[in-house]
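The values are calculated or read from the model by the stated rules, or taken from the named source; none is laboratory data. No experiment lies behind these values; they were computed from the predicted model shown. Glycine also receives a Cβ, built like all others from the backbone with ideal geometry; neighbour counts cover every protein chain displayed. Surface accessibility is based on the protein's heavy atoms, side chains included, excluding ligands, DNA and RNA. Shrake-Rupley method; radii C 1.70, N 1.55, O 1.52, S 1.80 Å.
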Amino acid sequence: MATEPEPQGPASRRIGPPTQGGRRPGPRATGHTAGLSTVPTALPAVQPLPTKGGDSTPEWLEPAMAANGIGSFDWDIRRDLIEADHRAATILGVAGSNLSLSSEAFLALLHPEDAPVVRRRVERAVAELGQCGAYYRTVFPGGALHAVRFRGRVLADAFGRPSRMVGFIWDATAELHKREDADRHAALREDRSRFIKEAARALSEAVTVRDVARVFAELPLPGLPPDGLVLAAFETGRLQVLGATGYPRETVANYDRMPLEPFQPAAEAIRNRLPIFLSSRAEYQERYPEAWPKAAAAGRSAWAFLPLVASGRTIGLCVVSFDEARELDADERTLLSTLGGLVAQSLARARLHDAEHELAAGLQRVMLPRTVPSVSGVTTAVRYLPAGSGLQIGGDWYDVVPLPGGHVGLVIGDVQGHDVHAAGIMGQLRIALRAYAAEGHPPAAVMARASRFLADLDTDHFATCTYAEVNVDYGVVYAVRAGHLDPVVRRADGSSAVQSVVGGLPLGLSADQEYQVTRFSLDPGETVVLCTDGLVESRSMDLDTGMSRLCGSVAGDLPFADGDPIEALADRIANRAADSAEREDDIALLLLRWDGPEGGLAAQQLRRRIGQADLARVSELRGELRDALRRWGVAELIDTAELLASELVTNAIRHTDRDAMFTARLYREDGREPRLRIEVEDESDLWPKRRTPGEQASSGRGLMLVEALADSWGVEPRGSGKRMWFELTAGGEEN
């Protein structure tokens, strides 16, 4: 009696334990399938159930089932009680309304040839908490045969044990007759042709080796539903099981990574690249006596060993097995051989994909920093999300570089392209940029040197990049942008905004490119967010929309997290990107929060070394001084302090050949106004002289300004060199 293949849902693919003779046990609790252990020879009495005012079928489904003559059943496995509605009773040949009977009574209604098949299917579904279905013939009281089709699913209780099987039943006599007439073979050939097309489509969509194994295990072979399937790869004389269904775990484990002996049918199939078909246990034992004892324990009675050959090389093996002895005809053998060829091509492609993916992932791990260094005063968080397709590798990178003087450098960049070449260039550029920054070069010089380095490589690739140097003591950021995105800043109140940074050409386009520096300040607790364009731009999302979404993700209350809130913020941004269907590119994400000095209060001292030839630092120093005085709450001193500090610093670097050290301190004493003291130290023994310049003189007024505007000033020797200083009192009278 032909039966339909079992559905291969997730639950039904579980492998249950075997029993003697190859029969599977019932549910794990004893007594659950006592009614399935034997088939009684006599038909027991069937007791009608009271209708209770109608069937238990949902009202919305009842009209459709009634119109199609479909009945329903519910088998309580623990009580071994099958309850069916009146249509199911009629289909089974039992007159009356609803009925109730045991599983053994139900099996007694079936044709003796079909009862064992149904029994085996139901037992396997119960053991695996899966589905089952079949055609079978029922014997009516008058001896007439009718074909019936059923489909059921096993439900588990709260402890994962099988408790019920529910399903549908309908009259399939017409279908059975159709299968038994002269057109049955033509229909079967059509089914097999359709199966090959569907199998080819499913296997072509399988990307990884795991996908191939899953698709293979779910293939419903038409006309010859197998009881067991095994897919294995062949390497270095061993078989590695990739996927299996219909076998207990311990049986699969016994064969996994097993060295192939020459007397095994699998070894012969692989060696000769030809399938081997064994139709019975006796044939297996006769042809392969040495391998038979181990194979006998699996309880199968027919086998097909299909070598998987791709590009003239055997890469694996498919094993198709049956519980009952079976002589496969020519069409069935052709079908299985064709399936083996499809699986071989798909497996070869998937193995190549997995190898490339592993290479790409390993290369990406090597190119990106393994750890982000910890720098006192700031907290950082990084994330990297590979692209959703292809090699999942690109040129996106991030870096955090500790700098001299307690500063820290932030790097985010993206090399053009999404291949191993782009990743290699990214690695070289990351190392070069890190070296330039660590040498102490200012941000503009770091970016210019990196651009020259990439141009000299002559790779036909360019890169976008943002480099920011953060003064950890005062929260001042000096940012340079080379064709990259502006950073986003999260303020202490939870708001966020795009921080505009002057841009330049991407790296590598010009060896002589110069870049401008943009300075902005952070208050304690504020965060800078740097990212690559994969986070904010795609074919379906323009850049403005993406930046707006990013600001929305950065702003607002931080999600709850056991660790640091900046990690929770990074997770929120990354998770929203990972869940987006619009994401097409890989993403690098770098966050830095300025924690401020200990206690979370703004520093009351500003100290900075000014290089003798680094006149640009004077302008930067003035900006830092303005920010510091505003943060310290003495903004009224900004103009005077900036003017006098510039005079002292300029005087020191113009009249000496050494660096100068600038220090600003704010003193707060009980009962007195805050007092600002600014000092400039140099190593020259030449003391300044107060002059009276003429009306047309362009210099010589520095000390006059200091004397006129400062509350007090002076010059002090300090071993080698001197220290010039002045003081201003907040809230005092203007000079």
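Exactly one condition in (1) modelled with pLDDT of 80 or more; (2) farther than 15 Å from I610 by Cα; (3) among the β-branched types (V, I, T); (4) open to solvent by 20 Å² or more (accessible area, probe 1.4 Å) is false for V706; which is it?
Here V706 clears every test but (4).
Scan segment 629-648 for residues that are of a type in the set (A, V, I, L, M, F, W, C) and open to solvent by less than 40 Å² (accessible area, probe 1.4 Å) and jot them down.
Looking only at segment 629-648, we keep the residues that are of a type in the set (A, V, I, L, M, F, W, C), and these are 629, 632, 634-635, 637-638, 641, 643-645, 648.
Across segment 629-648, the qualifying residues are L629, W632, V634, L637, I638, A641, L644, A645, L648.
Tally up the residues in segment 95-114 that are crowded, with 21+ Cβ neighbours inside 10 Å and under 15 Å from H146 (Cβ atoms), please.
4
Within the group D181, D157, which residue is loosely packed, with under 13 Cβ neighbours inside 10 Å and at pLDDT 85 or above?
Details: D181 fails: at pLDDT 85 or above.
Residue meeting the stated conditions: D157.
Against the definition (open to solvent by 50 Å² or more (accessible area, probe 1.4 Å), under 30 Å from W632 (Cα atoms) and charged (D, E, K, R)), how does D456 come out, yes or no? Step through it out loud before you land on a result.
Values: open to solvent by 50 Å² or more (accessible area, probe 1.4 Å): yes; under 30 Å from W632 (Cα atoms): no; charged (D, E, K, R): yes.
So D456 does not fit the description; no.
Looking only at residues that are touching a strand residue (DSSP E or B) at 6+ places or on another chain (Cβ under 9 Å) and open to solvent by 40 Å² or more (accessible area, probe 1.4 Å) in segment 500-512, which one is farthest from G483 (Cα to Cα)? Explain how you work it out, then say what you get.
Filtering segment 500-512 for residues touching a strand residue (DSSP E or B) at 6+ places or on another chain (Cβ under 9 Å) gives 500-509.
Filter once more, so that each one left must be open to solvent by 40 Å² or more (accessible area, probe 1.4 Å): 500, 502-503, 505, 509.
On the way: S500: 13, V502: 10, G503: 6, L505: 5, L509: 11 Å.
Ranking the candidates gives S500 first.
Kindly provide the set of residues from segment 127-148 that are at pLDDT 85 or above and either part of a strand (DSSP E or B) or open to solvent by 10 Å² or more (accessible area, probe 1.4 Å) (or both), ordered by number.
Filtering segment 127-148 for residues at pLDDT 85 or above gives 127-132, 148.
A127, L129, Q131, C132, V148 - these are the residues of segment 127-148 that are at pLDDT 85 or above and either part of a strand (DSSP E or B) or open to solvent by 10 Å² or more (accessible area, probe 1.4 Å) (or both).
How do the strands (runs of 3 or more DSSP E) wholly within segment 424-505 filter down when requiring 1 or more residues that are closer than 23 Å to D614 by Cβ: which remain?
Details: elements: 463-471, 476-482, 488-490, 496-498.
The qualifying strands (runs of 3 or more DSSP E) are 463-471, 476-482.
Can you tell me which condition R622 does not meet? The list is (1) open to solvent by 50 Å² or more (accessible area, probe 1.4 Å); (2) basic (K, R); (3) in contact with a Gly (Cβ under 9 Å, 6 or more places away or on another chain); (4) more than 15 Å from K722 (Cβ to Cβ), and all the others hold.
The single condition R622 does not satisfy is (3).
Condition check: more than 18 Å from E620 (Cα to Cα), polar (S, T, N, Q) and either open to solvent by 30 Å² or more (accessible area, probe 1.4 Å) or out of contact with any strand residue (DSSP E or B) (no Cβ under 8 Å at 6 or more places or on another chain) (or both). Does S496 satisfy that? Let's see the steps before the verdict.
On the way: more than 18 Å from E620 (Cα to Cα): yes; polar (S, T, N, Q): yes; either open to solvent by 30 Å² or more (accessible area, probe 1.4 Å) or out of contact with any strand residue (DSSP E or B) (no Cβ under 8 Å at 6 or more places or on another chain) (or both): yes.
The answer is yes for S496.
Checking the condition modelled with pLDDT under 70, in contact with a Ser or Thr (Cβ under 9 Å, 6 or more places away or on another chain) and under 30 Å from D227 (Cβ atoms), which residue from G35, G71 passes? Steps first, answer last, please.
Working: G71 fails: modelled with pLDDT under 70.
Selected residue: G35, the only one of G35, G71 that is modelled with pLDDT under 70, in contact with a Ser or Thr (Cβ under 9 Å, 6 or more places away or on another chain) and under 30 Å from D227 (Cβ atoms).
Is it true that some residue in segment 531-544 is within 30 Å of D456 (Cβ to Cβ), under 20 Å from the mean Cα position of the chain (by Cα) and assigned to a helix (DSSP H, G or I)?
Just the residues of segment 531-544 that are within 30 Å of D456 (Cβ to Cβ), to begin with: 531-534, 537.
Add one more test, that the residue is under 20 Å from the mean Cα position of the chain (by Cα), and what stays is 531-534, 537.
From what's left, assigned to a helix (DSSP H, G or I): 533-534.
Yes, that holds for at least one residue.
Kindly list the number of the only condition in (1) among the hydrophobic types (A, V, I, L, M, F, W, C); (2) open to solvent by 10 Å² or more (accessible area, probe 1.4 Å); (3) within 27 Å of V117 (Cβ to Cβ) that fails for C318.
The number of the failed condition is (2).
Just a yes or no: is a residue in segment 297-311 without any contact (Cβ under 8 Å) to a residue 24 or more places away in the chain and out of contact with any strand residue (DSSP E or B) (no Cβ under 8 Å at 6 or more places or on another chain)? If you could, list the steps in order and put the result at the bottom.
Here is the first cut: in segment 297-311, the ones without any contact (Cβ under 8 Å) to a residue 24 or more places away in the chain are none.
There is no residue in segment 297-311 that is without any contact (Cβ under 8 Å) to a residue 24 or more places away in the chain and out of contact with any strand residue (DSSP E or B) (no Cβ under 8 Å at 6 or more places or on another chain).
Taking the criterion of being surrounded by fewer than 14 Cβ atoms within 10 Å (Cβ to Cβ) and in contact with a Pro (Cβ under 6 Å, 6 or more places away or on another chain), would at least one residue in segment 255-275 satisfy it?
Checking segment 255-275: at least one residue is surrounded by fewer than 14 Cβ atoms within 10 Å (Cβ to Cβ) and in contact with a Pro (Cβ under 6 Å, 6 or more places away or on another chain).
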